[in-house]
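The values are calculated or read from the model by the stated rules, or taken from the named source; none is laboratory data. From a predicted model like this one, the values you see are computed outputs, not experimental measurements. Backbone-built Cβ (ideal geometry, glycine too); neighbour counts: all protein chains shown. Ligands, DNA and RNA are stripped out before the accessible areas are found, and what is left, the full protein with its side chains, is counted by its heavy atoms. Shrake-Rupley method; radii C 1.70, N 1.55, O 1.52, S 1.80 Å.
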Amino acid sequence: MTCDAPGSPAPSVPSPPVRRSYGTRRRSTRTVRVRASAALVAATVLAVLLVPPLVQLDQQAVDLGSKLLPPSWSHPFGTDDLGRDLLVRCVYGLRVSLLVGVAAALTATVIGTAVGAAAGALGGWTDRGLMRVVDTFSSVPHLLLGIFIVAMFRPGVWPVVVSVALTHWLSTARIVRAEVLSLRSRPYIDAAVSGGASRWRVAVRHLLPAVLPQATLAAVLMVPHAMWHESALSFLGLGLPMHTASLGTLIQGARGSLLAGQWWPTLFPGLFIIIPTLAIAGLAGAWRERINPRSRSELML
């Protein structure tokens, strides 16, 4: 047994390793996910805006001597069965799919917000009647109802927008109605009603501004779903014409090539659907957690 001399420094004790808590690791993972999603969304927007003018290639130019070429420096995504460059075709297809998704999401959000706000603010028979309409539309599968709507028009972009919008406003109507019902019990709403404000004035001046963040979030969440819906209709041959480059028509036209062993005409349009939709969904999920910190549920596409 040894004794330390008086005045000698105490022996240093190694400090225990610093361990990051579960909450810190979770916040770090969420930050990385949000930054990755933002980078992918920015890359998608830049590709849609910059690739067509910078790459001097006609997306409809047929070159049978270059058909089904594998990915290379001259054709990074390869070519399709008509010799068209797949990179340019995928970018044009992504542009069309984004147009359909954004237009359909905005239209559906306007319809759903109007119906949900009217049902929650007016109540009574109006609420019950509008909710029965919502339940009736919800009882029919979205894809089946969308096929029925598209079949009444000639193939094109706007029939698909109308089809997707008329089948996707139901969830927004329910969300807005529930939010309006919770807001109706707030003291400032009671004060406005006691002051003589009509129901429509209360709805326009107080309820609608309060539900706008939820309605905007619903619109953003609807964009990926609308893109998938458009791709499904186009893949079935019921959406956009085959000569129009959309992600659904590209995959539909590549079925024969996939069976013959050429994987690139199917892989890259599929990635152009999956990656942007997951990126948009990731940003929307982070926004939802910021609006409602108690919500930590996974995003359903």
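Observations on the structure shown:
- Take HIS142: with every protein chain present and a 1.4 Å probe, its accessible area is about 70 Å².
- Among 260-268, 174-182, the order from most to least packed when residues are scored by Cβ within 10 Å on average: 174-182, 260-268
- Rolling a 1.4 Å probe across all protein chains gives ARG184 an accessible area of roughly 100 Å².
- Residue-level accessible surface for PHE137, protein heavy atoms, 1.4 Å, Å²: 80
- Segment MET152-LYS67, length gained on full extension (0.36 nm per residue, minus Cα span): 27.0 nm
- Net charge of the neighbourhood of LEU170, taken over other residues with C-beta under 13 Å away and scored Lys/Arg +1, Asp/Glu -1, is +2.
- Put VAL202, VAL41, VAL110 in order of accessible area, highest first, and with a 1.4 Å probe you get VAL110, VAL41, VAL202.
- For a label point 7 Å along the Cα-to-beta-carbon line of THR126, residues of segment 167-183 with backbone N under 18 Å: 173-183
- Neighbours of TRP263, meaning other residues whose beta-carbon lies under 14 angstrom from its beta-carbon, give a summed charge of -1 when Lys and Arg score +1 and Asp and Glu score -1.
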